[in-house]
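As structure tokens, the structure follows; a few thoughts come after it.
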Amino acid sequence: MVQVMAEKIVPRVEMYGIRKSFGEVVALDGVDFEAGKGEIHALLGENGAGKTTLMNILSGLYRLDEGQISIDRREVSIHSPRDAIKAGIGMVHQHVELISNFTALENILLGQENSRWKINLDAHRESAEKLAANYGLSIPLNEPVKSLPAGIQQKVEILKALYHGADTLILDEPTTMLTPQEVDGLFSTLKALAEGGLTVIFITHKIKEVLDNCDQITVFRGGRKIDTISREAASREKLVQMMVGERGAPPENKRPAGLSAALEGSPILSVQGINTSAEWGVPLNNITLEIPRGLIVGLAGISGNGQKELAEAIAGLIEIDEGDIHLNGTEVSKLSVSARIALGISLVPQDRIAEGILPSLSLSENIVLGLHPHIFKRRGIFEQETANGLGRNAIQEFNILAKNEHVPSAHLSGGNIQKMIVARSMMLSNTTGKNLMIANNPTRGLDIMAASYVHGRLDELRTHGAGVLLISEDLDELCLMCDQIIVIHSGEFFGSFDGPDYDIYQIGALMTGQKSETSS
């Protein structure tokens, strides 16, 4: 009997004993990693697990402290991105790094300017078109990048890497800014690249994407590789356990009941026909919105389409030109931010560093921002110990990694700053009673356990009769948490969908500006 042996994948990338520290923090602790020719290999792990650091070493952005790298069984030294390109390694970062006023072709050719003479664009265009056709990359090469959707810009980055000779392609959280249709298109492209013999490595924390699209999965936790397994051997439960370790898997959040769960009475928030001017950012155009008591309403849209401006208009950070905003039946359009907080509005801002903290103040002092009028008690004297107690409670309840409540907030990692801001908003919610929370990407930068905890707290607010406006660039998060989803594009509402069952492709179409008759 003839035995058919499974074809062994030939390693293209081999990394052994990789160690990297930043000061006293060990980011990678003796990591081994292999990726084969013609495979899609996912690096999965929570924020800070080490996966991006490892790929930054492979792409030449960081230098390793210890270890060895081999490409096609030949040891290489990678000290810079130029070394990586020479070794056939290209990296597409989470946020595209293109020059917006240049055409797609001009961006692809950046780095090719080795001659003092003008580049022959026509000759390069023909070569780029052939390469794009080989991998099914449909790109308008003569269009300025700023006019292209996010998904096409990402393809420009991929074609640029290929044009520079990459046969190992690294993508860092590639689907963050994409609609569902663009995500499908991206993975179709990656599969075509792998079938053509390239090695594709993509960094992610989205388990569903991994299970749907990868060949091999390497899981990281705490700067160490936990294991590499095939897609066939993987399941969501197994991957979560590998990611979180002894902490155990987070609890499953309940699916929302939809609009039928709304509590009786007037809505928490009523926004009628508000407009804002371009001086505040993306102009809002005739926005009308109601958030009933006991519901989470989601706002979906590609980043930069007015989500931030709407949140800030409701919170009082920017002025409206027309329209009305009522909170629990009270007109608040002309009230200050502090007055709106006192009436029950809390905000998790979009930019946690620029808008969420005062870096020189301690964790406890940042925790009470917005709460501080309530703890200026005796003759207007700030009660520091009250603030310190709230800081200690936040550290414990939200698992904020800080030595103590006196640590300056600037010394916290991005994820821990996010936890601190969410903790503060939750405290405001508890202080003001029946209220409105505006949560702008509240789980960005959080690990799987912390994100699950935040989701649980948002669900508690809903259960106790509050209203939540959840703004997120993660459509999966919105579908999981929201009773209704509204789509915003260029400062206008393009449609709304009632939960709990959503068609993500209909939502995705509206996110790109395609108005539909099927949305409510």
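The values are calculated or read from the model by the stated rules, or taken from the named source; none is laboratory data. The structure displayed is predicted, hence computed values, not measured ones. Because the Cβ atoms are built from the backbone with ideal geometry, glycine has one as well, and the counts that use them run over all protein chains shown. Accessible surface is based on the protein model in full, side chains and every heavy atom, while ligands, DNA and RNA are left aside. Shrake-Rupley method; radii C 1.70, N 1.55, O 1.52, S 1.80 Å.
Here are the numbers for the structure shown:
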quantity: Ellipsoid equivalent to the chain - semi-axes via the Cα gyration tensor, in Å; calculated: 42, 28, 23
quantity: Separation in nanometres of the label points that stand 7 Å from Cα toward Cβ, at Gln384 and Phe102; calculated: 5.3 nm
quantity: Translational diffusion coefficient (Stokes-Einstein; Kirkwood radius from C-alpha pairs) of region 461-512 at 20 °C, 1.002 mPa s, in µm²/s; calculated: 183 µm²/s
quantity: Of every Cα-Cα pair in region 147-195, the percent that sits beyond 15 Å; calculated: 43 percent
quantity: Region 273-306 and region 151-214: distance between their alpha carbon centers, rounded to Å; calculated: 31 Å
quantity: Charge dipole (debye, nearest 20) of the chain; +1 at Cβ of Lys and Arg, -1 at Cβ of Asp and Glu; calculated: 1080 debye
quantity: Antiparallel content of DSSP bridges confined to the chain, in %, to 5; calculated: 55 percent
quantity: CD proxy at 222 nm, helix term only [per DSSP H run n ≥ 4: -39500 (n - 2.57); per residue of the chain; nearest 500]; calculated: -9500 deg cm²/dmol
quantity: Percent antiparallel among DSSP beta bridges (both partners in region 148-228, rounded to 5); calculated: 45 percent
quantity: Simple label model, 7 Å out from Cα along Cβ direction - Val76 to Glu322, nm; calculated: 5.9 nm
quantity: Formal net charge of residues neighbouring Gln418 (Cβ-Cβ distance under 15 Å; K, R +1; D, E -1); calculated: -3
quantity: Estimated Rh, region 19-75: Kirkwood, alpha-carbon pairs, angstrom; calculated: 12.4 Å
quantity: Rough spin-label spacing in nm, given labels placed 7 Å along Cα→Cβ, for Ser338 and Ala123; calculated: 6.8 nm
quantity: Which listed pairs, of Lys51/Lys160; Lys37/Lys130; Lys155/Lys206; Lys86/Lys208; Lys238/Lys403, have C-alpha distances above 27 Å, in listed order; calculated: Lys86/Lys208; Lys238/Lys403
quantity: Carbon + sulfur, % of accessible area of region 433-515 - ligands and nucleic acids excluded, 1.4 Å; calculated: 51 percent
quantity: Accessible surface of Lys160 - all protein chains present, 1.4 Å probe, nearest 10 Å²; calculated: 40 Å²
quantity: Volume per residue of the C-alpha convex hull in region 275-339, rounded to whole Å³; calculated: 97 Å³
quantity: Zero-based 10 Å bins, Cα pair distances in region 302-412, whole percents; calculated: 13, 35, 33, 17, 2
